[in-house]
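Pasting a structure here, questions to come.
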Amino acid sequence: MLELAIGIILGGCALGAGAAMIAGIGPGIGEGNAVAKACEAIGRQPECKGDVTTTMLMGCAVAETTGLYALVIAILLIFVAPGRFVDVLLNAVGK
Amino acid sequence: MKKCKVFLAVDILYLLLMSLGPLLAIMLKVLFTPQSDDINISGALVFFTIKLPISDLPVSETQVNSVVVIWSIFWLCKYITHGISVRGGLKRQVIAEWIVEKTKSLVNSNMGSYFSDFAPFVAAIMALSAFSSLLTLIGLFPPTSDINTTAGWAILVFFLITYYKFKCGPIHYLKSFGEPVPFLAPLNIISEFATPVSMAFRHYGNVLSGSVISVLVAVALKGLSGLIFGKLPGFLGSFPFLQIGIPAVLSVYFDIFSGLLQAFIFAMLTMLYISGGFPAEDYAIRKAKRAMKNNKNV
C-alpha cells in the first residue's frame, strides 16, 4: 500500500511538472510578437537597428519571466517536492 | 612606450593572481565532488559547515565561487589599468577607457544626469554577473545558478529603489501607493515586492535552465551513441562519439550568449527601476521650495 502511495506522489509530481511547463506557450507567443515587430521596425527604419535590437532583447527577457517561473516550479516539482512529500507521508504513517 | 622588466613582472604577477582563484576553486571541486556516473543535477556542493549560535552557516560552492569571481575581477582590473598614462599607448588602456565610457553613456542615457554616479555600481553588477555566468566555461558551478546570489543582488537593488523613493519624504512615499486610485494600494504593495522577486528568478532561472538542459542533452547523446556505436568492438563501443562537439553548440547559446544577456538585462533593469522609482519632478519642486524658504529666512 505504501509503495502505491509513493508511486502516486512521484507520478503526481511528474505530471505537475509537465503541466506547469504549459506556461511556455505564453512567452513563446509574446517573444515571437516582439521579434516580428522589431523586424518590421528595422525594415522601416534600418538606421535604428541597434536601438531596436537592444529594446527587443530587453522586452524578450522580461516576457520570458512567466515562462521561467513555470520552469522554476517544474524543477522544484521534479527535484525537491517528491522527497518532501514522501517525508510527509512517512511521518503521517508513522514510520 | 618601452616596457621594462619590472613592468612585465608586475603584469605577470597580476595575471597569475587572477588565475589563482579559479585554479583553487577547481582544486576544491575536484577534491570534494563525490564519484558517480549518474545524471548529476544538483545544487551547490557544501564544503563544510560553520557552527554558529543562531543557525549553522554552510560554506558552499556558491560562496567560494563568488569570492573567486570578485578576486579575479579585482586583479583583472588591476591588470587592465596597469601603466595607464595621459598620453596613452597601451592597448589595454583603450579597452579600459572603452569600458568606462560605454558604462557612463549607458547610465547617462538610461538614468539621467542625476544618477551619473551610478556608473561604477552598474558596471560592478554587470561584471560580477557576467563573469559568474561565464564560470561554467571552465567547469565550475556558476554562483548565479543559485537563487541566494541573485536574490541578494535583487534585495540590494530593492533597497536602492526604496531609498530613492524616500527622497521626497515618507508622506510622499506612502502617497505613491495610492497612485491612480487609493483602493489599488494592496496591488501596488504586491507589485513593489514582485520587483526583486522577478529580478532574482529571471536571472536564476535563465542560468539554471541552461545548465539543466546542457546536462540532459549530454546524457541523451551518451545514450544515443551507446545505442548506435555499441556494437563496435572494445574501446570504440563504450566511447561516446556523439558527445564530441554537439554540446558545445548549446554551450555557446546557454553559457555565453544567455549569461552575457542576463548580465546586461539585470544591470538594465536595475537602472530602469531605480531611475523610474525616483520622483524627479516632485523632488525638483521640493528642492526649489526649500531654497526659497532659506532665502526668505536669510
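The values are calculated or read from the model by the stated rules, or taken from the named source; none is laboratory data. In this text the structure is predicted, and so the values were computed from the model without any measurement. All Cβ positions, even for glycine, are placed from backbone atoms using ideal geometry, and neighbour counts span all protein chains on display. Accessible surface is based on the protein model in full, side chains and every heavy atom, while ligands, DNA and RNA are left aside. Shrake-Rupley method; radii C 1.70, N 1.55, O 1.52, S 1.80 Å.
With every protein chain left in place, what is the accessible area of residue B:64 in Å² (1.4 Å probe, nearest 10)?
So the heavy atoms of residue B:64 present about 30 Å² to solvent.
If you take the charge dipole of the protein assembly as shown about its Cα centre, with +1 on Lys and Arg Cβ and -1 on Asp and Glu Cβ, which of A:6, B:32, A:24 is farthest toward its positive end?
So the residue we want is B:32.
Here's another thing I want to ask about it. With all protein chains present and a 1.4 Å probe, how do B:278, B:166 order by accessible area, largest first? Don't jump to the answer; show the numbers that get you there.
Working: B:278 20, B:166 90 Å².
So the residues, ranked largest to smallest area, are B:166, B:278.
Let me ask something else about it. Taking amide hydrogens as modeled 1.01 Å from N in the peptide plane, which residues meet the under 5 Å criterion relative to residue B:60, leaving out close sequence neighbours?
Those qualifying (amide H under 5 Å, at least 5 residues apart or on another chain) are B:47.
Tell me the net charge near residue A:58. Cut-off is 12 Å between Cβ atoms, residue A:58 excluded, with +1 for each Lys or Arg and -1 for each Asp or Glu. It would help to have the intermediate numbers written out before the result.
Details: positive: B:202; negative: A:31, A:51, A:64.
Within the 12 Å Cβ shell, the charges total -2.
Moving on to the next point. Where does helix B:119-134 land angle-wise versus the long Cα axis of chain B, in degrees 0 to 90, nearest 10?
Taking the Cα atoms of chain B, the angle to B:119-134 is about 20 degrees.
How much of residue B:290 can a 1.4 Å solvent probe reach, expressed as accessible area in Å² and rounded to 10?
140
Give me the lysines in straight-line cross-link reach of residue B:104: C-alpha distance below 21 Å, same-chain residues under 8 apart excluded.
Straight-line reach from residue B:104, under 21 Å: B:78, B:91.
Okay, moving on. Out of the total accessible area of the stretch A:2-93 (probe 1.4 Å, heavy atoms of protein only), what percent is carbon and sulfur?
Working: 3930 of 5500 Å².
With neighbouring chains kept in place, the figure for the stretch A:2-93 is 71 percent.
How much length would be gained if the chain were fully extended between residue B:13 and residue B:175, taking 0.36 nm per residue of separation minus their Cα-Cα distance, in nm to one decimal?
Values: separation 162, 0.36 × 162 = 58.32 nm, distance 5.57 nm.
Taking 0.36 nm per residue and subtracting the Cα distance, the gain is 52.8 nm.
Further question: Which lysines, if any, have their Cα less than 23 Å from the Cα of residue A:37, not counting same-chain residues under 8 positions apart?
A:49
Still on this model: I'd like to check one number: the per residue accessible area of the stretch A:2-93, probe 1.4 Å, reported in Å² as a whole number.
Numbers: 5500 Å² over 92 residues.
That works out to 60 Å² for each residue.
How do B:103, B:49 rank by accessible surface area computed with a 1.4 Å probe, from largest to smallest?
Details: B:103 20, B:49 70 Å².
Largest accessible area first, the list is B:49, B:103.
Under a cut-off of 19 Å between alpha-carbon atoms, report the lysines in cross-link reach of residue B:231, not counting same-chain residues fewer than 8 places apart.
Answer for residue B:231, where 19 Å is the Cα cut-off: B:222, listed by chain and number.
Test of understanding: what is the full-extension gain from residue B:23 to residue B:288, defined as 0.36 nm times their sequence separation minus their Cα-Cα distance?
Values: separation 265, 0.36 × 265 = 95.40 nm, distance 5.62 nm.
Full extension from residue B:23 to residue B:288 adds 89.8 nm.
Using the crude model of +1 on Lys and Arg Cβ and -1 on Asp and Glu Cβ, and no other charge, please compute the dipole size for chain A relative to its Cα centre, in debye to 20. All intermediate terms of the calculation are to be shown ahead of the outcome.
On the way: 5 positive and 7 negative charges, 28 e Å.
Charge dipole, chain A, about its Cα centre: 140 debye, nearest 20.
Can you give the accessible area per residue of chain B, in Å², using a 1.4 Å probe?
Value for chain B: 61 Å² per residue.
Starting from the Cα-Cα distance between residue B:193 and residue B:102, subtract it from 0.36 nm times their residue separation and give me the gain in nm to one decimal.
Details: separation 91, 0.36 × 91 = 32.76 nm, distance 3.10 nm.
That works out to 29.7 nm of additional length.
In whole Hz, what ³J(HN,Hα) sequence does the stretch B:265-277 give by Karplus (6.51, -1.76, 1.60; θ = phi - 60°), x for Gly and Pro?
Couplings: 5, 4, 5, 4, 5, 4, 4, 5, 5, 5, 6, x, x Hz.
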